[in-house]
1. Largest first and in whole Å, what are the equivalent-ellipsoid semi-axes of region 115-176 based on the Cα gyration tensor, each being the root of 5 times an eigenvalue?
2. Roll a 1.4 angstrom probe over the protein heavy atoms and tell me the percent of accessible area of region 84-194 that is carbon or sulfur.
3. Which FRET efficiency, nearest 0.05, do Arg186 and Thr129 yield, Cβ-Cβ r, R0 22 Å?
4. Filter the GluC sites (Glu not before Pro) in region 75-181 to those in DSSP coil with at most 16 other Cβ atoms within 10 Å of their Cβ, and list the result.
5. Take the Cα of Asp42, step 7 Å along the line toward its Cβ, and report every residue of region 62-80 whose backbone nitrogen sits under 16 Å from that point.
6. How much accessible area per residue does region 86-151 have, in Å², with a 1.4 Å probe?
7. From zero outward in steps of 10 Å, how is the percent of C-alpha pairs of region 63-194 spread across the bins?
8. When the solvent-accessible surface of protein heavy atoms is calculated with a 1.4 angstrom probe, in what order do Lys144, Lys132 fall, highest first?
Amino acid sequence: MTDTSTPPASDATAPVSESAATAASSEEASTEAKKSESVASDSDLFRQSEIAADYIEGLLDILDYDGDIDELVSAGRPMVEVVGDRLQPLVGQRGATLEALQELTRLAIFRATGSPSRMLLDIGGYRATRRKELAAVARNAVEKVKAHGEAVRLEPMSAFERKCVHDVVNAIAGVQSESEGVEPARRIVVRVAD
């Protein structure tokens, strides 16, 4: 059966104003969502660290590793620290296994909460030790830049490692750092500040 009725006349401005209103309300909702994501309460962050600790504890049980697990919130981030003997296999070469476990743990948090997490995992004090090593690398690069005036390219690093170097370089006057390249070959370049 064919519809022979004529469609009603449309006002050309109506769809525009409707879509503008929809876009405006969508933008407001997006802004509100970003605000709520960025202002996670300490209880939400601690809940994320508890979920992470439970996940890591289950993993340690499966792998038959012993370790004490501490969950905490530090600098606005949920953290889980695993302390014990013979945990090096969970850290891996240059922290590669640790990074993978951290991503899996973040996925477990996302699955439980529906929100992404910036949870930081440390095993056997690896991150604290590596942070000290990277501070020395950053200071060495800064000295070279100041002495010779030429940019220094560091070896490829993980996001955690790059942040450690950026923090040290940014605290020193007269130099700046930036990341270049794509993962897994993303590296830092230290140069004289503009």
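The values are calculated or read from the model by the stated rules, or taken from the named source; none is laboratory data. Quick caveat, the model's predicted, so the values are computed rather than measured. Here Cβ is always computed from backbone atoms with ideal geometry, including for glycine, and neighbour counts include all displayed protein chains. The area values use the complete protein model at the heavy-atom level, side chains included, leaving out ligands, DNA and RNA. Shrake-Rupley method; radii C 1.70, N 1.55, O 1.52, S 1.80 Å.
1. 26, 13, 10
2. So the carbon and sulfur contribution to the accessible surface is 53 percent.
3. Working from the Cβ atoms, E equals 0.50.
4. Glu150
5. Inside the label zone: 71-79.
6. Averaged over the residues of region 86-151, the accessible area is 59 Å².
7. Going from the shortest bin to the longest, the percentages are 11, 36, 31, 17, 4, 0.
8. Descending accessible area places them as Lys132, Lys144.
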